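For reference, the structure discussed in these notes is given below.
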Amino acid sequence: MVYSLPKPIPKPLLAVALLVGAAVLLPLLYLVLRAAQAEPHQLVEIVLRERNLQLLGNTVALLVGVIALTTALALPLAWVTSRTDLWGKRFWTVLLVLPLAVPGYVGVFGFFGATGAGGWLEHLLGFPWPRPTGYLGALGVLTLFTYPYLFLNLRAALLGLDASLEESARSLGYRGLEVFWRVVLPQLRPALFAGWLLIGLHVLGDFGVVSLVRFETFSYAIYLQYSASFDRIYAAWLSLMLILLTGSLLWLEARLLKNLSLSRVGLGSARKSQPVRLGVWRLPSLGLMALPIVGALVVPLTSIVYWLAQYPSSPHSRSFEAVLEALRNSVQAAAPAAFLAAFLALPLAYLGVRYPSRLSRLLERAAYIGYATPPLAFALALIFFSLRGVPFLYQTLALLILAYALHFLAEAIGPIRSALYQAPPRLEEAARSLGYNPLQAFLRATFPLLRRGLLASMALVFLSAVKELPLTFLLAPVGYSTLSTRIWGYTSEAMFAEAAPYALLIVLFSAGLVGLLLSQERQ
């Protein structure tokens, strides 16, 4: 057997990749240094503060509650749309995934616009429906708008299961639910863990929903501490506590997946399962599917249309020039961030695909650490770093663009890496044999093949940046309003007619992301 030595990494490529990795981690390192400035007696008072225990309890309770409810909702929905004889399963799947096109704070706008005094439900029912606030409000809204993350993972896993395993279990005497609990559910563990991780990261990093329903978690407390207090050290410690919770989720997911192997070991190919007849369960299944569709789509869209019709006559409404200004500001920040994120992701992806090693994996993980860091904590780290290191960047559009690019860098890496795996490395080798240097060979032979991956990565980052609220709220220049900040500001003041056009534009932009996800699934 012949062993090939690993190729040496070109120094310019390594230098650029190290610089990108440092750019993601440096603000977080500065957050640690800022928190370490606390005196010993001050540190004890900060960490052991009773308020911290309350924030921890609220955050963990919301995290556990959302994971439990999304599982109770997504698991049966994934089963019905993948393993039964339901008519139009593709159609129902698209509807059940569409809540991803509605950001959580737009969902809160939808429910607030429908409920309470003056809401459209009062005109429909004759009495005001109570507004969702506090823990139950945050729990319900976050469940409705995060369950598709778990639904997509579970549905893909169910479609890929080998039916012979279930047939073997039935031949051993197991029936009905016993087959599901003993055979099917254990095979779904990777999908469950992946979905739970995405939902957990979303809940821990959420600011828009919890702030609007007035439920204090770590994210909301960080914003209040930063905006209403001069105790920046305490804000830094709150950010580190939130990052510690996020790191615990990442560690737990890796721990649960360690040494887990569910691949087929027998001979032959996997068999597809026969659709299960719903029978008397058809109507309950349709009712279960209607629940998230009505709550996450019908209610917000109805609120947008209802309040949009009242926008011109609202005494506080401004001209549509204000809407166009917010749209222009959103695009002005999101478009350069998308280009910058793709540019920064390219050396990391190239290093990981062409020169796989422990170092390349470590640098790639750095990008995911930045993505997993809750946005408010990430924004606070950039604020501390810019004020002390590069004060001329503080509250500038350049800092906001940089924050978008670094935070969403992990989203840009995936499509580029997939495109690199499909680009034959021999093309570059042939170009080098013709006298081109490594950079010229890459630009002439490989770069043209990455066009689709680059466009997909830029589209993902662009849409994420347009929807982003916490980073925008803390880092945008003074007076710089975007679609997301306008929605949050008007909704928090119960000015629903004013928020409606901004909510409509956000939904249209976000629908593009869902279309991209579904097109990737078809491919």
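The values are calculated or read from the model by the stated rules, or taken from the named source; none is laboratory data. Quick caveat, the model's predicted, so the values are computed rather than measured. Every residue, glycine among them, receives a Cβ derived from its backbone with ideal geometry; neighbour counts consider all protein chains shown. Note: accessible area is taken over every heavy atom of the protein model, side chains too, but ligands, DNA and RNA are not part of it. Shrake-Rupley method; radii C 1.70, N 1.55, O 1.52, S 1.80 Å.
Of everything in region 406-462 that is assigned to a helix (DSSP H, G or I), more than 20 Å from Phe509 (Cα to Cα) and of a type in the set (Phe, Trp, Tyr), the residue that is most open to solvent (accessible area, probe 1.4 Å) is Tyr421.
Which one of the conditions (1) closer than 23 Å to Ala333 by Cβ; (2) buried (at least 20 other Cβ atoms within 10 Å of the Cβ); (3) at pLDDT 85 or above does Val478 fail to meet, given that it meets all the rest? Of everything listed in (1) closer than 23 Å to Ala333 by Cβ; (2) buried (at least 20 other Cβ atoms within 10 Å of the Cβ); (3) at pLDDT 85 or above, Val478 misses just condition (2). Are any of the residues in region 397-417 in contact with a Gly (Cβ under 7 Å, 6 or more places away or on another chain) and more than 30 Å from Ala326 (Cα to Cα)? Scanning region 397-417, I find at least one residue that is in contact with a Gly (Cβ under 7 Å, 6 or more places away or on another chain) and more than 30 Å from Ala326 (Cα to Cα), so the answer is yes. Being crowded, with 23+ Cβ neighbours inside 10 Å and either outside the structural domain of Phe207 (by the TED database) or not in a helix (DSSP H, G or I) (or both) holds for only one residue in Phe392, Phe378, Phe343, and it is Phe378.
Residue-by-condition table, conditions (1) assigned to a loop (DSSP other than H, G, I, E, B); (2) open to solvent by 60 Å² or more (accessible area, probe 1.4 Å); (3) farther than 19 Å from Ser239 by Cα:
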site	(1), (2), (3)
Ser360	no, no, yes
Arg365	no, yes, yes
Tyr371	no, yes, no
Leu382	no, no, no
Ile401	no, no, yes
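Do we find that Leu28 is in contact (Cβ under 8 Å) with a residue 40 or more places away in the chain, open to solvent by 20 Å² or more (accessible area, probe 1.4 Å) and in contact with a Ser or Thr (Cβ under 6 Å, 6 or more places away or on another chain) in this structure? No, not satisfied.
Each row is one residue, and each column tells you yes or no for (1) assigned to a helix (DSSP H, G or I); (2) open to solvent by less than 20 Å² (accessible area, probe 1.4 Å); (3) over 22 Å from Arg155 (Cβ atoms); (4) not assigned by the TED database to the domain that holds Leu240.
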site: Gln54; (1), (2), (3), (4): yes, no, yes, no
site: Val60; (1), (2), (3), (4): yes, no, yes, no
site: Ala72; (1), (2), (3), (4): yes, no, no, no
site: Pro76; (1), (2), (3), (4): yes, no, no, no
site: Trp87; (1), (2), (3), (4): no, no, no, no
site: Trp92; (1), (2), (3), (4): yes, no, no, no
site: Gly110; (1), (2), (3), (4): yes, yes, yes, no
site: Leu124; (1), (2), (3), (4): yes, no, yes, no
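Filtered by the rule that a residue be at pLDDT below 85 and within 15 Å of Leu297 (Cβ to Cβ), region 502-512 gives Ser510, Ala511. Taken together, Leu142, Leu98 contain a single residue that is in a helix (DSSP H, G or I) and either open to solvent by 10 Å² or more (accessible area, probe 1.4 Å) or touching a strand residue (DSSP E or B) at 6+ places or on another chain (Cβ under 6 Å) (or both), which is Leu98.
With respect to Leu19, is the statement that it is surrounded by 14 or more Cβ atoms within 10 Å (Cβ to Cβ), under 31 Å from the mean Cα position of the chain (by Cα) and outside any loop (DSSP other than H, G, I, E, B) true? Taking the combined requirement at face value, the residue does not satisfy it.
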